[in-house]
Amino acid sequence: MAITGSYKEVCLWDVGTGELLKKLFGHVNNVVGVALSADGSIAITVSEDRTICLWDVETGDSLKPKERHQGAVYDLVVENNGKTAITGSSDNTAKIWDLQTGKTIKTLEGHRGSINSIIITPNAKTAITGSNDNTAKIWDLQTGKTIKTLEGHRGSVYSVAITPNAKTGITGNSDTSLQFWDLSNGKELQILKGHDNWVGSLAVTPDGKYLLAGSYRVIYLWDLKAGKQLKKLNDHKGFVYDIVITEDGKTAITCSGDRTIKLWDLKTGKMLNTLEGHTDRVVSLALTPDGKKIISGSWDRTIRVWDLETAEMICVSKEESDVLALNTTQNDYFVFGNITGDVIVSKLI
C-alpha cells in the first residue's frame, strides 16, 4: 500500500492496479506529512491546519479527536515500535504522540525557529531535530528534555541524518555545508564544503560508509570515513527533493524539480535510468516493501508507481491537487496526504 498527500486530502492506493481505495477527509489545510504505524494499521497525518490526525487504515475512520500545534506541521516520523510519532512545527516545538490515544505525551520545547526535520536514533531513545534557528537539538524521548544543542550552523538546518551505528549525526544547511556531530557529547567533528546550494535531502547507505546529499541539480556522494567527496551525480536539471537507497546499498533513487526520477549506480556514479512522465516537480519517493517498485508524488497532482527493473510506469493516479508527501507500509499499503488536508489509503500487489 502507498500513502500520498496533497491539498486537504490523504489517499490510500492499490499500487498494482492504481485503484483508489479510500479518501480520508478531515484536515482544512495542506497535508504536509504522512506516516504509518509499524503494523500498518494506523495512518498518521499532519497538516498546516496545525493538527495531527489518526486514521484506521481498513475503515478510513478517524480514531481520536485531533490535537493541534500552534503552527504548521513540517515533518513527521514514526518510531519503529509503531506506538508513538513525533511531529515538528513552525510553532518551534516538536510533539510526541501516543498513536493509540491520539494524545500528546510530551512537547519538546527549546528551539527558537521552525522545526524542519526530525530523525529518531536506531535505539529509539533519542531524536534529532533541525531548525530555522540555526541549530539542531538532541532530545531524550523519555523525559522530553534537550540533551545537547548542536550549535555552529551558519544557516537554517533543513535536513538531518544519522549513521547506522548511531554515533554520528549529520546536518544539511542553508549555508551549503554539511556538518558532522559526535552524538555522545554534541561536539562538532567536521564541516564538509563543496555544495553550491543549500542541502535539502540526505541519505546514508545501509553499511554506513557513504552519504548522499541532494542540492540544486546535483547529488554529492561522500566517503564518510575519509570525509571526501567521491562523485557528483549531476544529471538532474532542478533541485533534488528526495533520495532513497535500495536495501542492498547498490542503487540510489532521486527525484527533482526537473520532473524526473533517476536511478544511479553508487559504485560507478553512473545514471542507470530516467523515469519520465510527471509534468511538474517530483517531491517525494517511497520504495515498496519488496524493493521492486518506487512510488513518486508530484506537484502535477499525480502519484505514479514504477517498476525499478524495467523503468516502466505501472500505473498513475490523478488527484485534485498537488501531492506533497507519501509513504508505504510494511503490510503492503500506502497512504498519501494532499495540499488541502485530506488523507487516503491503498493496497499494493
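Every residue, every condition in (1) of a type in the set (Gly, Ala, Ser); (2) within 17 Å of residue 117 (Cβ to Cβ); (3) surrounded by fewer than 16 Cβ atoms within 10 Å (Cβ to Cβ); (4) modelled with pLDDT of 70 or more, yes or no:
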position: 48; (1), (2), (3), (4): no, yes, no, no
position: 57; (1), (2), (3), (4): no, no, no, no
position: 63; (1), (2), (3), (4): no, no, no, no
position: 76; (1), (2), (3), (4): no, yes, no, yes
Could you list all residues from the range 177-206 that are within 17 Å of residue 241 (Cα to Cα) and exposed (fewer than 14 other Cβ atoms within 10 Å of the Cβ)?
196
Subset tally (residues that are crowded, with 20+ Cβ neighbours inside 10 Å and part of a strand (DSSP E or B)) for the range 149-167
6
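Those residues that are among the hydrophobic types (A, V, I, L, M, F, W, C) and without any contact (Cβ under 8 Å) to a residue 24 or more places away in the chain, I need them from the range 228-287; list them, please.
The one that is among the hydrophobic types (A, V, I, L, M, F, W, C) and without any contact (Cβ under 8 Å) to a residue 24 or more places away in the chain: 272.
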When only residues in the range 207-229 that are over 18 Å from residue 197 (Cα atoms) and of a type in the set (A, V, I, L, M, F, W, C) count, which is surrounded by the most Cβ atoms within 10 Å (Cβ to Cβ)?
224
Residues being in contact with a Lys or Arg (Cβ under 8 Å, 6 or more places away or on another chain) and either under 18 Å from residue 216 (Cβ atoms) or of a type in the set (A, V, I, L, M, F, W, C) (or both): count how many of those fall in the range 275-290.
5
With the checklist (1) modelled with pLDDT of 80 or more; (2) surrounded by 19 or more Cβ atoms within 10 Å (Cβ to Cβ) in hand, flag the one item residue 284 doesn't pass.
(1)
If I ask for residues that are within 24 Å of residue 280 (Cα to Cα), in a strand (DSSP E or B) and not hydrophobic (A, V, I, L, M, F, W, C), which ones from the range 192-210 would you list?
201
Hits in the range 211-225 (condition: part of a loop (DSSP other than H, G, I, E, B) and not β-branched (Val, Ile, Thr)):
215, 217, 224, 225
Can you tell me how many residues in the range 127-148 are among the basic types (Lys, Arg) and surrounded by fewer than 16 Cβ atoms within 10 Å (Cβ to Cβ)?
1
Among the residues of the range 164-181, which ones are hydroxyl-bearing (Ser, Thr, Tyr) and at pLDDT 95 or above?
168, 171
Out of all the residues in the range 119-129, is one or more in contact with a strand residue (DSSP E or B) (Cβ under 7 Å, 6 or more places away or on another chain), at pLDDT below 95 and assigned to a strand (DSSP E or B)?
yes
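The values are calculated or read from the model by the stated rules, or taken from the named source; none is laboratory data. Small disclaimer: the values here were computed from a predicted structure and weren't measured. As a convention, Cβ positions derive from the backbone with ideal geometry for all residues, glycine included, and neighbour counts pool all protein chains shown.
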